[in-house]
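Engineer: Can you keep this structure in mind? I'll have questions shortly.
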Amino acid sequence: EIFIKLDYNINFRAGAYMIRRPDIIAQIPVVELLKHANYALGTIAENYRTNFICYDESMAGEIENTRLIYKDMMIALRDASFTPYYQAKYDVFTGKLVGVELLVRWNHKIHGMIPPSVFVPHLEKTGFIVELDFQMFEIACENLQHWINQNFDNIIISSNFSRRHLKDKKFVRKLTEISDRFQIPRSQLEIAITE
C-alpha cells in the first residue's frame with residue numbers, strides 16, 4: 001500500500017436567508033429565497049474576516065443598486081466611458097516629474113463623475129474589472145507612446161491591476177502584447193496589484 005500525505009487548507013463560507021412568516025404567506029419560491037442567501041455569500045468576498053453571513057433587509061437596496069450599476073457598467077465598458085486620469089509623481093529632491101500613476105474615473109451620463117470607490121467593488125464582484133484594467137492599460141500605453149514621441153522619454157507610467165489577474169497564466173503575455181504594439185520599453189512600465 002502507498003500512502004501519500006497531502007496538506008489541504010479548507011475554508012468554509014456560507015450565506016443564509018432566514019425564512020420569515022411573510023415569505024410563507026406570499027408563497028415566495030424557494031429559488032428566490034436562495035438568491036438572497038447567494039447574495040449574502042457574495043458579500044463575504046469583501047470581508048475576509050467573515051465566513052458566514054445572513055441576509056438582512058439592508059441588502060435589498062444593494063441588490064437593486066448592483067443591478068442598475070451592472071447594466072450601466074456594461075454600457076460604459078462598451079462605450080469607453082471610463083476615463084483615465086494621471087496623478088503626477090515627482091522626485092522630492094529634484095522636483096522633477098519622474099512618472100504618473102493611472103487612475104480611472106467613470107463619467108456617467110446622468111450622475112456625472114463617479115469615483116472608483118463606488119464602481120470598482122461592483123466590477124471586482126462581477127469580474128469585469130479584468131476587462132477595465134486592460135482597457136486602461138492600453139490607453140496608458142498609447143498615451144505614453146505619444147509622450148515618448150514628444151521627448152518625454154523618461155516618464156514611468158504606473159497602472160493598477162486587480163488581484164484577479166494573478167490567476168491568469170497569460171497575464172504577462174497580454175501585457176507584453178499591448179506594450180509591444182505601442183513600442184513601450186519595459187523600463188517605463190510599472191504594475192501595481194490592488195489589494
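Engineer: Please tell me if Phe152 is aromatic (Phe, Trp, Tyr) and assigned to a loop (DSSP other than H, G, I, E, B).
Structural biologist: Answer is yes for this residue.
Engineer: Would you mind telling me which numbered condition in (1) modelled with pLDDT of 90 or more; (2) closer than 21 Å to Glu131 by Cβ; (3) in a helix (DSSP H, G or I) Leu166 fails?
Structural biologist: If we test Leu166 against (1) modelled with pLDDT of 90 or more; (2) closer than 21 Å to Glu131 by Cβ; (3) in a helix (DSSP H, G or I), just (1) comes out false.
Engineer: For the stretch 71-79, check the following and say yes or no: at least one residue is buried (at least 16 other Cβ atoms within 10 Å of the Cβ), within 16 Å of the chain's Cα centre (by Cα), at pLDDT 90 or above and within 30 Å of Thr176 (Cβ to Cβ).
Structural biologist: no
Engineer: Given the residues Gly95, Gly99, which is the only one that is outside any helix (DSSP H, G or I) and in contact with an Asp or Glu (Cβ under 8 Å, 6 or more places away or on another chain)?
Structural biologist: So the residue among Gly95, Gly99 that is outside any helix (DSSP H, G or I) and in contact with an Asp or Glu (Cβ under 8 Å, 6 or more places away or on another chain) is Gly99.
Engineer: With respect to the numbered conditions (1) within 17 Å of the chain's Cα centre (by Cα); (2) modelled with pLDDT under 85; (3) open to solvent by 80 Å² or more (accessible area, probe 1.4 Å); (4) not aliphatic (A, V, I, L, M), which one is the sole condition not fulfilled by Thr66?
Structural biologist: (3)
Engineer: Continuing with the same structure: Scan the stretch 111-121 and give yes if some residue there is in contact (Cβ under 8 Å) with a residue 12 or more places away in the chain, hydroxyl-bearing (Ser, Thr, Tyr), assigned to a helix (DSSP H, G or I) and open to solvent by 20 Å² or more (accessible area, probe 1.4 Å), otherwise no.
Structural biologist: No, that holds for no residue.
The values are calculated or read from the model by the stated rules, or taken from the named source; none is laboratory data. Quantities reported herein were computed from a predicted structural model and do not represent experimental measurements. Don't worry about glycine lacking a Cβ; one is built from the backbone with ideal geometry, like all the others, and counts go over all protein chains shown. Side chains are part of the model used for accessible areas, which takes the heavy atoms of the whole protein and leaves out ligands, DNA and RNA. Shrake-Rupley method; radii C 1.70, N 1.55, O 1.52, S 1.80 Å.
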